[in-house]
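This report concerns only the one structure given below.
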Amino acid sequence: MDKPVLSIVIPAYNEALRIGNTLQSIERYLNGNNEKFSYEILVVDDGSTDGTVGVLQAFRERLPGLQLLENRINRGKGYSVKRGMLQAKGEYRLFMDADNSVDISQTSKSPSRFTV
């Protein structure tokens, strides 16, 4: 894969009930964007003990740019964000919470919004 334009980094710990909605929101945003661009979504699972990894694996067909990075043990949010950012290859890098507390669509409402 060529260098993506956008990397989205999402740390996740026991987010099986919420990560699906977040990924659906990202999918809608990326598919609805008039300007198509390459992307990658790096979800860093921080040693979840629920079904988070299973939910992520189910989304791989729908979101071909989705990558799963797994921490064997819980290392904390800061560690997971750092790991994702260091692994990311995009020209632009966006950090999001797994609970979608700030929806990706908000990027287009900012005066300094992401544009390609």
Practice prompt. Give me the distance between the Cα centres of segment 1-24 and segment 35-69, rounded to whole Å.
Written response: 5 Å
Worksheet item: What part of the accessible area of the chain, given as a whole %, is carbon or sulfur when the probe is 1.4 angstrom?
Response: 48 percent
Worksheet entry | Residue-span extension gain [Gln57 to Gln106] - 0.36 nm each, minus C-alpha spacing | 15.0 nm
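Over the chain, give the accessible area per residue in Å² for a 1.4 Å probe, as an integer. Intermediate results must be reported in sequence, preceding the final value.
On the way: 6670 Å² over 116 residues.
Spelled out: the 1.4 Å probe surface of the chain, per residue, equals 58 Å².
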Fill in: Linear extension gain, Glu27 paired with Gln67, 0.36 nm per residue minus alpha-carbon span
13.0 nm
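How would Lys77, Lys3 rank on accessible area, largest to smallest, probe 1.4 Å?
My answer, sorted largest first, is Lys3, Lys77.
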Worksheet item: How high is the relative contact order of the chain, in percent, counting Cα pairs under 8 Å that sit 6 or more residues apart?
Response: 41 percent
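The values are calculated or read from the model by the stated rules, or taken from the named source; none is laboratory data. None of the values given here were measured: they were computed from a predicted structure. Heads up: the accessible areas ignore ligands, DNA and RNA and are worked out on the full protein's heavy atoms, side chains in. Shrake-Rupley method; radii C 1.70, N 1.55, O 1.52, S 1.80 Å.
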